[in-house]
Amino acid sequence: MAIALKENRAVRCSEVLAERPDGTRVTFIPHPAPLQDGSGRLIGATNMLVDISERKQAERALRRQAGLIELSFDAILAWREPGGIEFWNKGASILYGYEPQEALGKVTRDLLQTRHPRPWAEIEAELREHGFWEGELRHTSKKGEEVFVASRYQLVSDDGDGMLILETNRDITGRKRAQAELSKAQEQLESDLRNMTLLHEVSMRFVQQDDLNGLLEQILDAAIGITGADKGNIQLLEEDGSTLRLTAQRGLPKRFLDFFSRVHKGQAACGTVLETGERVTVENVATSPLFIGLPALEIMLSAGCLAVQSTP
């Protein structure tokens, strides 16, 4: 007020903190302005004090909330549909590997390669109707790693600039991988149980029946199941002691069966087993000395047999 009177001008000050007689404090903005008569002569001044205490309290609360959001381990981001990312917290940087300057302005679905469980049009309609959406998403980090998250979309506003969405993502990658491993182990357990049941049936049939061909086929089915193979055959040793005769098979084409109908010592994998009496495992037939440069290699490859094991 003193300055307004001395200099005959309105004074625009910043915020002022005042203390009341009871000790409480109030934040206000003063607006001192000179008063002039019709001839322009200074005759006094007015001062309007605007109480902004509630606004300051709200600002402090917002700063605290912003600080908590920034400290959150969850990835929190705000983005506009159809625009780009407007907020990106530290948790998002930790989870996805992008710093804020790399993420802001980018379209979130493009940056994170988002895979939604349902078409986006359905999720958008649910957002507009209910104001939120929850579900599991798959994202890709800056390093190219797949990230699974439990996500919540909260509609903040829906105006002429599009929908403003607050997105909160909690990393559940470890849980999803554990679930996948558990499911895989369960499937393996069930497969092993089926194979053991089959072996039991084969053993029972062996002691009860005299049907050699049927027995060999069941043995072959059990062997394929236990080893996880795609094809297989059983060969029996003929009386000359140097020739194997193909007796039972699963999944092999006629050309293969004709070529390997009889195998002699030292020929391919099974002939090597006949010669050494030990199991032979070939991880890649195309690079194995047992097949390179021999007609058997082309026969194996044409039948889709890329690896083989033969057991005496």
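Any idea which residue in the stretch 203-242 is most open to solvent (accessible area, probe 1.4 Å), counting only those that are modelled with pLDDT of 85 or more and over 22 Å from Cys305 (Cα atoms)?
Once the filter is applied, the top-ranked residue is Glu239.
Pairs please, first residue from the stretch 259-286 and more than 18 Å from Gln249 (Cβ to Cβ) and in contact (Cβ under 8 Å) with a residue 24 or more places away in the chain, second anywhere and β-branched (Val, Ile, Thr) and not in a strand (DSSP E or B), Cβ atoms under 9 Å, 6+ apart in sequence or on different chains.
As it stands, the answer is Glu278/Thr272; Arg279/Val273; Arg279/Thr311; Val280/Thr272; Val280/Val273; Val280/Thr311, since those pairs meet every condition given.
What are the pairs with Cβ atoms under 6 angstrom where one residue, in the stretch 218-243, is without any contact (Cβ under 8 Å) to a residue 60 or more places away in the chain and the other, located anywhere, is open to solvent by 70 Å² or more (accessible area, probe 1.4 Å) and in a loop (DSSP other than H, G, I, E, B)? Sequence gap at least six, or different chains.
Here the result reads Ser242/Lys265, each pair linking the stretch 218-243 to a residue that is open to solvent by 70 Å² or more (accessible area, probe 1.4 Å) and in a loop (DSSP other than H, G, I, E, B).
Being under 13 Å from the mean Cα position of the chain (by Cα), open to solvent by less than 30 Å² (accessible area, probe 1.4 Å) and β-branched (Val, Ile, Thr): is that true of Thr108 here?
Details: under 13 Å from the mean Cα position of the chain (by Cα): no; open to solvent by less than 30 Å² (accessible area, probe 1.4 Å): yes; β-branched (Val, Ile, Thr): yes.
Judged against the criteria, Thr108 is not a match.
Criterion first (at pLDDT below 90, closer than 30 Å to Ala78 by Cβ and not in a helix (DSSP H, G or I)) does Val147 satisfy it?
Numbers: at pLDDT below 90: no; closer than 30 Å to Ala78 by Cβ: yes; not in a helix (DSSP H, G or I): yes.
Taking the combined requirement at face value, the residue does not satisfy it.
Do the conditions hold for Glu167, that is, is it open to solvent by less than 90 Å² (accessible area, probe 1.4 Å), within 19 Å of the chain's Cα centre (by Cα) and touching a residue at least 40 places away in the same chain (Cβ under 8 Å)? Steps first, please.
Numbers: open to solvent by less than 90 Å² (accessible area, probe 1.4 Å): yes; within 19 Å of the chain's Cα centre (by Cα): yes; touching a residue at least 40 places away in the same chain (Cβ under 8 Å): yes.
Considered against the rule, which asks whether it is open to solvent by less than 90 Å² (accessible area, probe 1.4 Å), within 19 Å of the chain's Cα centre (by Cα) and touching a residue at least 40 places away in the same chain (Cβ under 8 Å), Glu167 comes out as yes.
Any idea how many residues of the stretch 115-135 are surrounded by 15 or more Cβ atoms within 10 Å (Cβ to Cβ), among the acidic types (Asp, Glu) and touching a strand residue (DSSP E or B) at 6+ places or on another chain (Cβ under 6 Å)?
Of the residues in the stretch 115-135, 1 are surrounded by 15 or more Cβ atoms within 10 Å (Cβ to Cβ), among the acidic types (Asp, Glu) and touching a strand residue (DSSP E or B) at 6+ places or on another chain (Cβ under 6 Å).
The values are calculated or read from the model by the stated rules, or taken from the named source; none is laboratory data. Note that this is a predicted model, so its numbers are computed, not measured. Please note: Cβ atoms are built from the backbone with ideal geometry, for glycine as well, and neighbour counts cover all protein chains shown. Just so you know, the surface numbers come from the protein's heavy atoms only, side chains and all, with ligands and any DNA or RNA stripped out. Shrake-Rupley method; radii C 1.70, N 1.55, O 1.52, S 1.80 Å.
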